[in-house]
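J.: Take a look at the following structure, please.
What follows is calculated from the coordinates using simple rules that are stated; it is not laboratory data. Being a predicted model, the structure only gives us computed values, none of them experimental. Ideal geometry is used to build each Cβ from the backbone, glycine not excepted, and the neighbour counts take in all protein chains shown.
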Amino acid sequence: MARVLAIVTDLMLSSRVEESLRSAGHDVAVVRSLLDPVEADVLVCDLDVVDAKEIARADAPTLGFYSHVDVETKNAADAAGIDLVVPRSRMARELPQLVDKLLA
């Protein structure tokens, strides 16, 4: 079981993220922004909401997700050093597996 901090502002999506990760056995905290440092084993971040450069400096491995049509955001996240950058649809489908990949 890992401690996962998810930065997601969309209410429907945050519910799916939390449910998916809890079902996979993880301890999950969903927040709307990263105001204070929080201990986590993995960060899951909506790249529409966070600064990729700031999140890339986190001590924990980071999964960033973006709208599949927003290539600029994907490229910026890759350049910033986010560990894993995927489209929102893939994140929603494969979240537990993607988190496991980051923990491996």
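J.: What is the extension gain from Ser89 to Val49, computed as 0.36 nm multiplied by their sequence separation minus the C-alpha to C-alpha distance, in nm to one decimal?
T.: 12.7 nm
J.: Using only the alpha-carbon atoms, what does the chain span along each of its principal axes? Please give whole angstrom values in decreasing order.
T.: If we take the Cα atoms of the chain, the spans are 33, 27, 26 Å.
J.: Separate question: Express in nm, to one decimal, how much length is gained between Ser33 and Glu19 on full extension, taking 0.36 nm for each residue of separation and deducting their alpha carbon distance.
T.: 3.1 nm
J.: If each residue's Cβ is checked for other Cβ atoms within 10 Å, how do Ser14, Ser67 rank with the fewest at the top?
T.: Going from least to most buried by this count: Ser67, Ser14.
J.: Also, I was wondering about something else. Quick one: if you stick a label point 7 Å off each Cα along the C-beta vector at Arg3 and Ser67, how many nm between them?
T.: About 3.4 nm separates the two model spin labels.
J.: For the chain, what's the relative contact order in percent, using C-alpha pairs closer than 8 Å and at least 6 residues apart?
T.: Result for the chain is 26 percent.
J.: Full extension from Asp59 to Asp100: what is 0.36 nm times the residue separation minus their Cα-Cα distance, to one decimal in nm?
T.: The span from Asp59 to Asp100 would gain 13.1 nm if fully extended.
J.: Arg22: net charge of surrounding residues, Cβ under 15 Å, Lys/Arg +1, Asp/Glu -1, itself excluded?
T.: Charge balance near Arg22 sits at -3.
J.: Restrict the search to segment 15-70; then list the GluC sites (Glu not before Pro) that DSSP places in a loop and that have at most 12 other Cβ atoms within 10 Å of their Cβ.
T.: Of the GluC sites (Glu not before Pro), the ones in loops of segment 15-70 whose Cβ has at most 12 other Cβ atoms within 10 Å are Glu39.
J.: Hey, fewest Cβ within 10 Å first, where do Val69, Val50, Val31 land in order?
T.: Exposure proxy ranking, most exposed first: Val69, Val31, Val50.
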